[in-house]
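Since the structure comes first, as structure tokens, the remarks are kept for the end.
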Amino acid sequence: MQSKLGSSLPQRIGNTPLVQLGQLSGALPGITLLGKAEWTNPSGSAMDRAAAAMVQDARMRSLLAPGKTLLDASTGNTGISFAMLGAALGFPVQLAIPASVSPECKRILHALGAQVDWTDPSLGCDGAIGRARELAGNDPHRFCYVDQFSNDANWLAHYRSTGPEIWRQTAGRVTHFVAGLGSGGTFMGTARRLKELNSTLQAIAVQPVSPTSGIPGLRQIGTSIVPAIYNPHLADRQIRVETEAAHAMAKQIARDEGLLVGISAAAAVVACLRIAQEEAAAGRSACIVTVLHDGAEKYLSEPFWEQP
């Protein structure tokens, strides 16, 4: 019997490379700075992991049955992941997304065939969540509302994959884990697993300075709807990053490391470098790992790339 060639799309999710940011940290003795290259996932972001896990969970529990439409709120990447999986696996997808997302994001969603309700940009992610809840409440028999912000399959995806991958790829040397807060799934799941493997590991959550920041995918916890999966006690430290610092870092990573990363990824690297400088100044060695959540292709129309 001839073996099946190639792999399915869900099988290509995860096992992303860990890249060294040596140019950024090279002047800091004893510091290793590493980034998980999540843009190598099929739709280009870490949210492929969570979206695939939530779809699998909904199918196993017969919530996403034939004839049902997957529904969720998103600020971009998770919606793209769901749209990709819907196209590949054959189920319709409807999303509520703030109209302020980038033109590139809108084109990708259109290309993948998702139906999108564009919500008031001034209401941010909260407005999209409100619209998704309204749609689900009005027609519960039509929709499977997966609700990434309350869905344990979200953080469990990272507990089961991202955390163990980082541990294996660093041979257990990771001392600090840094990730941005959006739905909270990436940080919660990965930090939980790494802390089980090393109780002294420091888990640092990254938030924007402003609740209306220009850092796509990041949320300031406390000024918006708090995701049900968020545990405020898991982070050893919170670092708030300015939008301008994230923009500047995205350009610096491109020009110093040759990597085109997204704005939230750049914000996480800003936080990493602050920690790295503190550790180096104290004479301590550290292996700092962050999640480079996505690539820059969805944000290249942003004007900051052209600014001095």
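Every number in this text was worked out from the coordinates using simple rules, so none of it is lab data. Quick caveat, the model's predicted, so the values are computed rather than measured. Note that we place each Cβ from the backbone using ideal geometry, even for glycine, and neighbour counts take in every protein chain shown.
Numbers at a glance
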read-out: Which listed pairs, of Lys36/Lys195; Lys195/Lys251; Lys195/Lys298; Lys36/Lys251, have C-alpha distances above 23 Å, in listed order; value: Lys195/Lys251; Lys195/Lys298
read-out: Label-zone membership for the stretch 247-264, site Gln23, 7 angstrom Cα→C-beta point, backbone N under 16 Å; value: 248-262
read-out: Relative contact order (%) - criterion: Cα under 8 Å, at least six apart; region: the chain; value: 22
read-out: Centre separation in Å (Cα based) which lies between the stretch 205-235 and the stretch 55-103; value: 22
read-out: Full-stretch length increase - Thr200, Leu234 - with 0.36 nm per residue and alpha-carbon distance subtracted; value: 11.0 nm
read-out: Gain on full stretching of the segment that runs from Thr212 to Asp120 - 0.36 nm per residue minus C-alpha separation; value: 31.8 nm
read-out: The stretch 239-308 and the stretch 122-151: distance between their alpha carbon centers, rounded to Å; value: 32
read-out: Dimensionless Rg ratio for the stretch 47-145, taking C-alpha atoms and the 2.2 N^0.38 Å reference; value: 0.99
read-out: Contour minus Cα-Cα distance for Asp256 and Gln307 (0.36 nm per residue); value: 16.7 nm
read-out: Using alpha carbons only: equivalent-ellipsoid semi-axes of the chain, gyration tensor based, whole Å; value: 31, 22, 19
